[in-house]
């Protein structure tokens with residue numbers, strides 16, 4: 001996509017998200033007026049920055065087959081497919097590494113952890129949190145990249161004990177785990193890039209509030225009908241009860 005068209009698409013999505021938020025808050029206002037006010041006040045989407053590569057896939061550990069096939073998978077319920085990835089956050093003290101686990105059904109972040117070092121403990125703690133929160137049945141597809149943390153014996157033993165079906169991205173294919181990478185892009189643009197964290201603890205608090213207070217409960221997604229992950233799950237539960 002050309003840069004101009006991509007920027008136009010981002011601004012259109014931003015407009016729709018702002019309009020949906022105002023509507024949820026009880027304001028009766030048309031999209032054209034919202035667009036005009038956004039232009040007048042120069043409210044625009046933030047510009048993205050490049051990511052640092054955190055995947056170390058040159059190892060001799062076993063690699064699982066790719067079950068998602070470039071992200072093209074139909075998800076009909078909670079706890080059917082979980083995806084996970086790792087990124088980094090810069091602070092003046094040094095790097096902070098973040099691992100998240102996302103339920104593809106609602107885009108909800110069901111597990112996460114932050115550590116100073118990029119080790120298997122990072123992904124083990126994220127999986128423990130996700131399992132504690134969701135108490136999932138056996139048979140969930142767990143998809144990640146081919147990084148050594150996900151390929152480690154300790155992590156795969158835990159997947160096996162919990163009854164997960166491991167899946168890993170194709171070699172050099174960035175599209176297989178696009179949903180998790182999209183979350184990191186969104187988080188960094190909306191939260192991280194506007195802050196100069198002095199300490200890792202300061203960064204941890206910022207990321208915690210973004211995930212638990214804003215993203216999961218409030219941030220609207222175009223693919224969820226401009227609902228937050230929490231709203232989407234609640235609506236589906238009410239529909240299933242009815």
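Structure above, values below:
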item: Subset tally (residues that are surrounded by 11 or more Cβ atoms within 10 Å (Cβ to Cβ) and modelled with pLDDT under 85) for the range 63-82; result: 4
item: Of all residues making up the range 202-230, the number that are modelled with pLDDT of 95 or more and surrounded by fewer than 13 Cβ atoms within 10 Å (Cβ to Cβ); result: 5
item: Neighbours by Cβ (under 9 Å, 6+ apart or cross-chain): first from the range 74-96, at positive phi; second surrounded by 14 or more Cβ atoms within 10 Å (Cβ to Cβ) and outside any strand (DSSP E or B); result: 79/105; 79/134; 79/136; 79/140; 94/200
item: Single unsatisfied condition, residue 91 versus (1) surrounded by 15 or more Cβ atoms within 10 Å (Cβ to Cβ); (2) out of contact with any helix residue (DSSP H, G or I) (no Cβ under 7 Å at 6 or more places or on another chain); (3) farther than 25 Å from residue 221 by Cβ; result: (2)
item: Candidate set from the range 97-130 (those that are over 25 Å from residue 201 (Cα atoms) and touching a helix residue (DSSP H, G or I) at 6+ places or on another chain (Cβ under 7 Å)); member that is surrounded by the most Cβ atoms within 10 Å (Cβ to Cβ); result: 106
item: Residue within the range 154-174 that is under 13 Å from residue 85 (Cα atoms), at pLDDT below 95 and surrounded by fewer than 19 Cβ atoms within 10 Å (Cβ to Cβ) present; result: yes
item: Count of the range 203-224 residues which are touching a strand residue (DSSP E or B) at 6+ places or on another chain (Cβ under 7 Å) and within 21 Å of residue 117 (Cβ to Cβ); result: 4
item: Yes/no for residue 184 being crowded, with 16+ Cβ neighbours inside 10 Å, assigned by TED's automatic domain parsing to the domain that holds residue 228, under 13 Å from residue 84 (Cβ atoms) and over 17 Å from the mean Cα position of the chain (by Cα); result: no
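The values are calculated or read from the model by the stated rules, or taken from the named source; none is laboratory data. Here the structure is a predicted model, which means the values were calculated and not measured. Neighbour counts are summed over all protein chains in view; Cβ atoms, including those assigned to glycine, are modelled from backbone coordinates with ideal geometry.
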